[in-house]
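Have a look at the structure below before the remarks.
Nothing in this text is a laboratory measurement; each read-out follows from the coordinates by a stated rule. Everything numeric here is computed off the predicted structure, so don't read it as measured data. For neighbour counting, all protein chains shown are included, and Cβ atoms are generated from backbone atoms with ideal geometry for every residue, glycine included.
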């Protein structure tokens with residue numbers, strides 16, 4: 001239960017920070033140009049991916065230490081490193097659906113954060129005698145079905161926590177023992193190798209995003225040179241899509257409707273509550289142009305110049321969504337279970353606010369071109 005307490009505290013701190021950012025922007029709207037908004041967005045993207053890459057490297061180190069000396073202590077350190085790595089990465093989800101490099105036809109999104117995951121697919125790979133390598137595991141990702149996830153954050157999550165087979169009312173994550181990685185047997189040896197390869201691939205795939213978004217990077221150059229109406233339309237459309245369809249719909253509504261923890265985003269570690277908060281924080285980072293010390297021209301500033309009434313309505317809705325998201329119980333598998341109708345209602349309230357926010361962002365697309 002100690003780990004759950006730590007994650008609740010993290011969620012509360014993130015939500016407090018999120019509300020604080022909104023409040024600051026409420027009182028300090030700036031006069032900005034489209035160019036300033038586009039450049040600031042690129043800065044936010046690069047910084048967020050930089051932080052994700054840094055945490056991924058720390059995760060790789062923790063996994064190497066664990067596999068070199070499996071123990072209860074090194075397993076707990078590796079789990080915490082995974083949780084820590086999700087904090088910056090979860091916010092990068094707001095850069096999806098913007099016709100950018102993360103999820104274009106050559107983008108690595110499906111190699112990083114794909115879910116839901118069929119645990120048996122990974123177990124079967126480990127059970128074979130095929131040589132494990134980065135190219136081999138990457139080549140198996142989603143072969144034969146979307147749930148056949150071989151690599152990425154959730155593959156590591158499964159290997160560290162194992163299946164969460166306990167009743168949601170117990171409010172505990174998967175309980176894999178460190179002894180699953182101890183010994184010279186083929187399964188234990190391959191399981192250790194598998195973990196390290198997955199970590200290396202996450203670092204590699206995030207490096208691709210840094211290369212695209214750095215000063216002089218291929219996509220950053222394209223994006224800043226893009227017609228500014230088009231660039232801003234892509235950005236506002238992306239957070240509208242994430243808020244309404246992806247986060248509220250695929251990541252929350254499906255799981256709630258089915259009352260099934262297999263449909264939640266981080267079902268092995270019970271980290272879905274934080275996933276939701278972080279994805280939502282990413283939406284606000286983009287709208288307000290804020291992230292870890294970056295605070296330049298924003299979509300909010302530009303909208304406030306063109307349609308202050310709509311800008312104010314979106315701010316009010318964001319404040320209401322803050323409250324609704326914060327009210328979701330942790331862990332999420334209990335909040336969506338048929339055993340907890342009161343908690344179900346809180347999840348549904350957050351879904352409804354996120355869907356409404358997505359609709360408001362869509363309504364704002366036309367206003368940016370006025």
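Annotation: extensible slack from residue 323 through residue 136 equals 62.8 nm (criterion: 0.36 nm per residue apart, minus Cα-Cα distance). Ranking of 49, 136 by neighbouring Cβ atoms within 10 Å, starting from the fewest: 136, 49. Summarising the label geometry, the points placed 7 Å from Cα in the beta-carbon direction at residue 203 and residue 166 lie 3.3 nm from one another. Highest mean packing first, where packing is the average number of other Cβ atoms within 10 Å per residue, the peptides 285-292, 127-134 line up as 285-292, 127-134. Label sites at residue 69 and residue 184, each approximated as a point 7 angstrom past Cα along Cα to Cβ, lie 2.1 nm apart. Compared with the dominant Cα axis of the chain, that is its longest principal axis, helix 228-241 is turned about 50°. FRET efficiency for the pair residue 362 and residue 146, taken as 1/(1 + (r/R0)^6) with r the Cβ-Cβ distance and R0 = 25 Å, rounds to 0.40.
Sorting 331-343, 82-94, 140-152 by average packing, meaning the other beta carbons within 10 Å per residue, from highest down gives 82-94, 331-343, 140-152. Helix-only arithmetic for the chain: the sum of -39500 (n - 2.57) across DSSP H runs with n ≥ 4, divided by the residue total, places the mean residue ellipticity at 222 nm at -21000 deg cm²/dmol. You can think of it this way: the chain between residue 237 and residue 129 has 34.3 nm of extra reach, that is 0.36 nm per residue less the Cα-Cα gap. The mean sequence distance of close C-alpha pairs (under 8 Å, at least 6 residues apart), as a share of the length of segment 2-367, puts its relative contact order at 27 percent.
The mean sequence distance of close C-alpha pairs (under 8 Å, at least 6 residues apart), as a share of the length of segment 181-337, puts its relative contact order at 19 percent. Could you compute the FRET efficiency for residue 316 and residue 175, with r as their C-beta to C-beta distance and R0 at 45 Å, rounded to 0.05? The pair residue 316/residue 175 has a calculated efficiency of 0.55.
GNM on the chain, C-alpha springs below 10 Å: top fluctuator among 270, 164, 359? Taking springs between Cα atoms under 10 Å, the residue moving most is 359. Against the chain, whose longest principal axis is taken from its Cα atoms, helix 186-213 shows a tilt of about 20°. Sorting 156-163, 34-41 by their mean Cβ neighbour count within 10 Å, with the most densely packed peptide first, gives 156-163, 34-41. Applying 0.36 nm per residue to the separation of residue 218 and residue 39 and subtracting their alpha-carbon distance, the gain on full extension is 63.0 nm.
Legend: calculated FRET efficiency, residue 262 to residue 31, from the Cβ-Cβ distance at R0 = 41 Å, rounded to 0.05, equals 0.25. Rounded to the nearest 10 degrees, the angle from helix 2-26 to the longest Cα principal axis of the chain is 10 degrees.
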